[in-house]
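Here's the structure we're looking at; comments come further down.
The values are calculated or read from the model by the stated rules, or taken from the named source; none is laboratory data. Quick caveat, the model's predicted, so the values are computed rather than measured. All Cβ positions, even for glycine, are placed from backbone atoms using ideal geometry, and neighbour counts span all protein chains on display. Calculation scope for accessible area: heavy atoms of the full protein, side chains included, ligands and nucleic acids excluded. Shrake-Rupley method; radii C 1.70, N 1.55, O 1.52, S 1.80 Å.
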Amino acid sequence: ALKGPREEVVYLPCIYRNTGIEKPDYLATVDVNPKSPRYCQVIHRLPMPNLKDELHHSGWNACSSCFGDATKKRNYLILPSLISSRIYVVDVGTDLQAPRIHKIVEPVELFWKGNVANPHTSHCLGSGDILISCLGDTSGNGKGGFILLDGETFEVKGNWENGGKVAPLGYDFWYQPRHNVLISTEWGAPKVLANGFNPEDVERGHYGCRINVWDWSTHTYIQAIDLGKGSIPLEIRFLHNPDAAEGFVGCALSGTVHRFYKTEKGDWAAEKVIEVPKKKVQGWLFPDMPGLITDILISLDDRFLYFSNWLHGDIRQYDISNTRKPKLVGQVFLGGSITKGGPVTVLEDKELQCQPEPFVIKGKRVPGGPQMIQLSLDGKRLYVSGSLYSAWDKQFYPDLVKEGSVMLQIDVDTEKGGLKVNENFLVDFGKEPDGPVLAHEIRYPGGDCTSDIWV
């Protein structure tokens, strides 16, 4: 995979929910080939047939766990809707540059066959089926269950989990068959987070603090690991080496990254290995501003870990040669809430000597902060988009909702570490035909660092 072809197009879900524009979300195809006359342009838009879906993350119908099976092709993108609970199956195989809708799984299918809603992460399985994690039940309460789709017909088969016991909350997951494990994370109860963030809901226990361990072969929930009240563990990544019994999870609200690992006893444990200190501020929603670690990924060679620090506004690169002691080797600020000249004054900062400058590229001052990230297969280019989730975008970065998000590219030093913004790369989603839009997760045709699981 490290020697795979360079990415030429990427796909991003674009969201209109909470922007005031009554248009459906769509899947954008962006040209990222520097030799192309359409470089940095949206070359195709696939609108969904419904309003207010809140497209979010996507996955594939087949992935590395199916490699070696000549009958499996990675030609459909699985696109769950976080709020409407629809799942769109998008054909990208017929024309990579112009995807089309192949099938729509309506919410009632998830409700009736699995008593789950708010689908989030989609991973394909070695069996050819597709596994999707969910955030809640049909009433908007938290419920960390899973739904299984047939990999050929895309019909809902039912729940993946067995035994009746499920995690109290759901979000992301990763599995590793060689260690007979699936580990899932927790965001919050859908009815609580649907329209914005209230810190009192953390105190009430409506947001997550655990990673949840499942027995891969029996599909049963066997262990919960508490990472601290109000931590909100979001994206979880095993090392790519399928023999490795460890990985990392980013905790949004606590601003921490934990290493999880298999113990000598055979169960699982976690330890905090990175912490971003909160900043004492004035002129913001609250007196303490967390970094809000929202997305993390690991390079395909398992050498570097990256994460986005959405509120403070930076992307960080860590050398994880020693997984217990990550070393910060790269950092770049791309906006955020603490820039000079803005409404927020930093009163106490354990990391920075002064507030960072506003981020301007090609004459545009970029609203919001860095959020979703995706790394090229060779590890040399890191793509970044700014939208977290439309209701939270609206609350924390109102200018982002008005002006639309951007996609940026960062050049990576893969030898010593280091990050540098590519000043020639800007995709401005504020200039879309139907008005400014919120672009979210980035996917490459053929797979990427966060979609591939080797078994």
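A few notes on this one:
- The label point for Ile101 and the one for Ile222, both projected 7 Å from the Cα toward the Cβ, are 4.1 nm apart.
- Here the Karplus curve 6.51 cos²θ - 1.76 cosθ + 1.60, taken at θ = phi - 60°, turns the phi angles of region 82-95 into couplings of 5, 9, 6, 6, 6, 10, 9, 9, 10, 7, 10, x, 5, 8 Hz, with x standing for Gly and Pro.
- Per-residue ellipticity at 222 nm, computed for the chain from helices alone with -39500 (n - 2.57) per DSSP H run of at least four residues, works out to -1500 deg cm²/dmol.
- Linear extension gain, Val329 paired with Gln41, 0.36 nm per residue minus alpha-carbon span: 100.6 nm
- Listed residues Asp378, Asp243 arranged by accessible area, highest first, probe 1.4 Å: Asp243, Asp378
- Spin-label model, Asn322/Lys364: points 7 Å from Cα along the beta carbon direction are separated by 4.2 nm.
- Protection proxy ranking, peptides 33-39, 246-252, 295-301, 91-97, average beta carbon neighbours within 10 Å, highest first: 246-252, 295-301, 91-97, 33-39
- Each Lys and Arg Cβ is given +1 and each Asp and Glu Cβ -1; about its Cα centre, region 294-426 then shows a dipole of about 60 debye.
- For Gln355, neighbours were defined as the other residues whose beta-carbon sits under 9 Å from its Cβ, and their charges (Lys and Arg +1, Asp and Glu -1) total -1.
- Charge dipole (debye, nearest 20) of region 125-242; +1 at Cβ of Lys and Arg, -1 at Cβ of Asp and Glu: 240
- Virtual spin-label span in nm between Glu423 and Glu152, 7 Å along Cα→Cβ: 5.6
- Cα-Cα over 26 Å, subset of Lys35/Lys364; Lys191/Lys280; Lys103/Lys394; Lys325/Lys364: Lys191/Lys280; Lys103/Lys394; Lys325/Lys364
- When the Cα positions of Ile222, Ile21, Gly291 are compared along the charge dipole of region 9-439, Gly291 comes out farthest toward the positive end, with charges on each C-beta of Lys, Arg, Asp and Glu.
- Part-to-part distance (alpha-carbon centres) for region 99-167 and region 218-284, which is given in Å: 24
- With the convex hull of the Cα atoms taken as the outline of region 9-439, the averaged projected area works out to 19.8 nm².
- Since only Gly418, Leu408, Trp392 are under comparison, the one whose Cα sits farthest along the positive direction of the charge dipole of region 322-455, derived from C-beta charges on Lys, Arg, Asp and Glu, is Gly418.
- Along the axis of the charge dipole computed for region 9-439 (Cβ charges of +1 for Lys and Arg, -1 for Asp and Glu, origin at the Cα centre), the listed residues Pro358, Asn50, Gly136 are led at the positive end by Pro358.
- Debye equation applied to the C-alpha atoms of region 48-195, log10 I(q)/I(0) at 0.09, 0.15, 0.21 Å⁻¹: -0.26, -0.72, -1.35
- Basic side chains Lys and Arg get +1 at the Cβ, acidic Asp and Glu get -1 at the Cβ, and with that the dipole of region 9-439 about its Cα centre reaches some 420 debye.
- Ranking Asp399, Asp288, Asp314 from most to least accessible surface, computed with a 1.4 Å probe over the protein chains only, gives Asp399, Asp288, Asp314.
- Under-5 Å amide H pairs with His240, H placed in peptide plane, nonlocal only: Asp302
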